[in-house]
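A.B. asks: Quick one: the structure is below, questions incoming.
Please treat every number below as a calculation from the coordinates, not as lab data. Note that the structure is predicted; figures quoted are calculated from it, not measured. Here the Cβ positions follow ideal geometry from the backbone for every residue, glycine too, while neighbour counts run over all protein chains shown.
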Amino acid sequence: MDTTVVERPHLALGVSMLDPAPPGTETAYVAMGCFWGAERKFFELDGVVSTAVGYQGGYTPNPTYQEVCSGMTGHAETVKVVFDPTRVTYAEILRRFYENHDPTQGFRQGGDIGTQYRSAIFYVGDQQEKIARQVTAVYAEKLRSSGYGAVTTEIAPAGPFYMAEEYHQQYLIANPNGYCGLGGTGVSCPVGLTTN
């Protein structure tokens, strides 16, 4: 049983993080290093109706933060992004994802080292997989031509998403001077070249 209890509403958007996604919305799951800074990149994006941070992509049910940081669960620190596709496309979500971290670093993001900090897209359905692979291929070539190494982003079907402890949710709003180690490459991601 999931013992994580998040009772308060979203600190930026004022919505419940536990309610089912509103009709007409879609959900994206991305991992791009420490989820504190990653979540902020998405709840600030127009068209996003809710976000939450949690653990995904591993094999341990209902992990704690300490367990994930041990590297023994296989989970990545993941952001769940609920968005209105009439206002922001999935490809645009992926552009925000790619432009705000370095997807060539393997099991790390800057000074944050470990499997939980890996770059990953956990897709929902065939269309998201198709777009994820297209955007990744285009961006990988752009990075290569800019002198970066191979993209190490994992692209896999979304498994169970385990909500992180309440104090992690919208961490940088609750802690304005909190740590954020995210940094992009400075290379733009041309999503207009892909199929939305």
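A.B. asks: For Ser16, all conditions in the list (1) within 18 Å of Ala158 (Cβ to Cβ); (2) out of contact with any Gly (no Cβ under 8 Å at 6 or more places or on another chain); (3) in a loop (DSSP other than H, G, I, E, B) hold save one; what is the number of the exception?
C.D. replies: Only one criterion is unmet by Ser16, namely (1).
A.B. asks: Hey, another quick one. What pairs come up if the first residue lies in segment 112-138 and is on the phi > 0 side of the Ramachandran plot, the second is of a type in the set (Gly, Ala, Ser) and crowded, with 21+ Cβ neighbours inside 10 Å, and their beta carbons are under 7 Å apart, counting only those six or more places apart or on different chains?
C.D. replies: Filtered contacts from segment 112-138: no entries.
A.B. asks: Conditions first: (1) touching a Lys or Arg at 6+ places or on another chain (Cβ under 9 Å); (2) surrounded by fewer than 16 Cβ atoms within 10 Å (Cβ to Cβ). Thr153 passes all but one, so which condition is the exception?
C.D. replies: It is condition (2) that Thr153 fails.
A.B. asks: Can you say whether Gly178 is over 17 Å from the mean Cα position of the chain (by Cα), in contact (Cβ under 8 Å) with a residue 40 or more places away in the chain, under 19 Å from Trp36 (Cβ atoms) and loosely packed, with under 15 Cβ neighbours inside 10 Å, as far as the supplied structure shows?
C.D. replies: yes
A.B. asks: Could you list all residues from segment 52-93 that are more than 25 Å from Val191 (Cβ to Cβ), hydroxyl-bearing (Ser, Thr, Tyr), touching a residue at least 60 places away in the same chain (Cβ under 8 Å) and surrounded by 20 or more Cβ atoms within 10 Å (Cβ to Cβ)?
C.D. replies: Tyr55 - this is the single residue of segment 52-93 that is more than 25 Å from Val191 (Cβ to Cβ), hydroxyl-bearing (Ser, Thr, Tyr), touching a residue at least 60 places away in the same chain (Cβ under 8 Å) and surrounded by 20 or more Cβ atoms within 10 Å (Cβ to Cβ).
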